[in-house]
1. Once the Cβ-Cβ distance between Leu17 and Arg66 is put in as r, and R0 is 22 Å, what FRET efficiency do you end up with, to the nearest 0.05?
2. Taking the Cα centre of segment 1-101 as the origin, how large is its charge dipole in debye, to the nearest 20, when only Lys and Arg (+1) and Asp and Glu (-1) carry charge on their Cβ atoms?
3. Quick query: amide H of Leu138 versus all other amide H atoms, modeled in the peptide plane; which residues come in under 5 Å with a sequence gap of 5 or more or a different chain?
4. Can you give the accessible area of Phe62 in Å² (nearest 10), computed on protein heavy atoms with a 1.4 Å probe?
5. Determine how large the accessible area of Asp47 is when every protein chain is in place; take a 1.4 Å probe and give Å² rounded to the nearest 10.
6. If you average over every viewing direction, what projected area does the convex hull of the Cα atoms of segment 1-66 give, in nm²?
Amino acid sequence: FDQGTIWIKSLYISRALHIYGLGRAAMRETERISTLPPLNATGLALDTVSHDSQASEEGLWFNFDRMNLPRPTKFRTNQEWYTGMDYVVVPVPESVTDDDDEDSPVFKAYRKRMNGDTVKATDDFDLAFPTVWMYKALTI
């Protein structure tokens, strides 16, 4: 990313409010404000749970079953939502994926996923879902 890129770290909209367009409005306003002084951003970047992780059996268990919520018949993952907002997946730098702490839960889950293994909800690292990095170029 260039020096004009701003990283968006968190956006959470309650599931009960998803149908009202608050996330879309919040991101559009963030994009608009980011291009103004003093920030003058040229792009926004973020990380979110990967589509494959969120749509997997483990992801569905985590997001619905464990909270006794019915699984929706139509489910849009975070990655799909951001893609609809014109964000594109970008490669994660090698230095980020080469975690020095091979005993960390996140690294174990990442390694299992990259090896094609299943991360089960009963594993010690059931909350560690691999992410993707996404980017959107901003126009002023």
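1. Once the sixth-power term is evaluated, E becomes 0.60.
2. 880
3. Answer set, sorted by chain and number: Gly43, Leu44.
4. 40
5. Here the residue's solvent-accessible area equals roughly 40 Å².
6. Mean orientational projected area (segment 1-66, Cα hull): 5.6 nm².
The values are calculated or read from the model by the stated rules, or taken from the named source; none is laboratory data. Note that the coordinates shown come from a computational prediction; the quantities given were computed from them, not determined experimentally. Neighbour counts run over all protein chains shown; Cβ positions are idealised from the backbone, glycine included. For the accessible areas, the whole protein counts, side chains as well, though only heavy atoms, and no ligand, DNA or RNA atoms are used. Shrake-Rupley method; radii C 1.70, N 1.55, O 1.52, S 1.80 Å.
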